[in-house]
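Enquirer: Structure incoming, see below.
Nothing in this text is a laboratory measurement; each read-out follows from the coordinates by a stated rule. The shown structure was predicted, so the numbers you read here are calculated from the model rather than taken from an experiment. Reconstructed Cβ throughout: ideal geometry from the backbone, glycine too, with neighbour counts over all protein chains shown.
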Amino acid sequence: MTGGLHWRPTAALRGALWITLIALVATSLALTVQYIQTIRLLETRVQAAVDDEAAGLVDRYNSDGPVAVVQAVMRAVDRPRLTDFVYLMTDADGTPIVGNLAEWPAGIHRAGYTSFDTRVQGARGTSIERRVSARALRLGEYRLLVGSLSNDPGRLRGRYAAALFWSLLVTGLVGLLAGFWYSRRATRFLDAANRAGERFRAGQLGERMPVSARDDEYDRLAVTVNHSFAEVERLVASLRTATDALAHDLKTPLTRMRARLELAALQQDGASFADDLRHDLDALLRLIDDTLRLAHVEAAGASAFARVDLEAIVRETVELFDPVAQDCGVTLTAEGCGTGQAVVVDGLRPLLGQMVANLVDNAVKYTPPGGRITVALSAAVDGTVRLSVTDSGPGIPAGQRDHALGRFVRLDPSRSTPGGGLGLSIVAAVAHVHRARLQLDDADPGLIVRIDFPAPEDR
């Protein structure tokens, strides 16, 4: 319509129409196939009956001659009812000798099976137009036509048309109702998803889609969307916490640097000022490096995974940190390594090396002199791998273990201990990328960190 409202069908109506159209096409095809198969069955049965009747007459001709055939046809034609068969026996010129057909049908010039329409005479002289399926034969100098009245296909065709009409009508109505109901349910789900997405985008990060008890494809999709919402909420909360902590960690050394600049300007003590400034700049660079490393870990994808020998990584890390542990008066040992048998996981070797190094470095940092650190590696029969690092340090209280995995989190309220609070965050990120389960437990005394890796996939 020009200059007026343009009507557009809703998604539910379009879905209902498509479902109805598919149902109509399927119903039409099913009925048509059934009709064709039934027609073929009827034609086969009629042809078999005609062949049997014709074979009987041929046997009479071969045994008793043409007179026997004439007598047999006359008896069949003179039955006190309209016979199911039609007969016509003619001489070589086509002159009828006996039968209930007035003349030889036009178009039949050779022996074989054929169909035609003709008027058939009954025992009482009646005549009716019927469809005949017949076989033409040569009996010496005679011609014989044996056929069967086959109006069943015509009647079946009419019934097929009626059945098709009513079936399509019922299918259309039911298809529209069922299709509209099902499509309406889909559009309700999409509307709910759209509203939830709008509220989530508006800042309501706790928004979730409803999940019913049906556990169908819509519920599974809603669960996936909710998991995505939860992951975004977690990342945003982590980003907010990280931003606050990062601002605090950057403000402290920058404030000290500014104060030392002013003090150096007053005292003119260049050597002490340079050492202190270098120490603060190193701390800032370490913080920036750890932040970039964490971003690199979280951006890693499983598409680049390869088979990695975790036993070799653990052995190399323990050898690297052993001198540092000895300087701190800590005993560092490895269990399950040095056997010469590879412990394989799917992953990225640089990230796994960084994870093991962070765990050992964190344990060395917080284990007091005289303490002990044990790095254990074991593989189960099903292919899963467990990595654990146990120390005898102060440990982490149970209520703060999840918090300790966050970015820039340090359990020291004064934040006076060295480091940027990203060590365990990087470990958690690497475990998440590798689909491993990270768990912090009490070692009594100390802390035990367990990481369970899934079995390698077939490649």
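Enquirer: Could you calculate the contour length gain from residue 84 to residue 109, that is, 0.36 nm times the residue separation minus the distance between their Cα atoms, to one decimal place in nm?
Expert: So the chain would gain 6.6 nm between residue 84 and residue 109.
Enquirer: What ranking do 457, 53, 316 get, fewest neighbouring Cβ atoms within 10 angstrom at the top?
Expert: So the residues, fewest neighbours to most, are 457, 316, 53.
Enquirer: Only four residue types carry charge here, +1 at the Cβ of Lys and Arg and -1 at the Cβ of Asp and Glu. Report the dipole size of the stretch 304-459 about the Cα centre in Debye, rounded to the nearest 20.
Expert: Dipole about the Cα centre, nearest 20: 440 debye.
Enquirer: Using a Förster distance of 45 angstrom, determine the FRET efficiency expected from the C-beta separation of residue 306 and residue 193, and round it to 0.05.
Expert: 0.75
Enquirer: Need the full-extension length gain, residue 224 to residue 58, defined as separation in residues times 0.36 nm minus the C-alpha distance. One decimal, nm.
Expert: 51.9 nm
Enquirer: Now for a separate question. Suppose R0 equals 45 Å. What FRET efficiency, 1/(1 + (r/R0)^6) with r the Cβ-Cβ distance, do residue 41 and residue 186 give to the nearest 0.05?
Expert: It comes out at approximately 0.60.
Enquirer: What FRET efficiency would be calculated for the residue pair residue 117, residue 28, taking the C-beta separation as r and a Förster radius of 30 Å, to the nearest 0.05?
Expert: My answer for the efficiency is 0.55.
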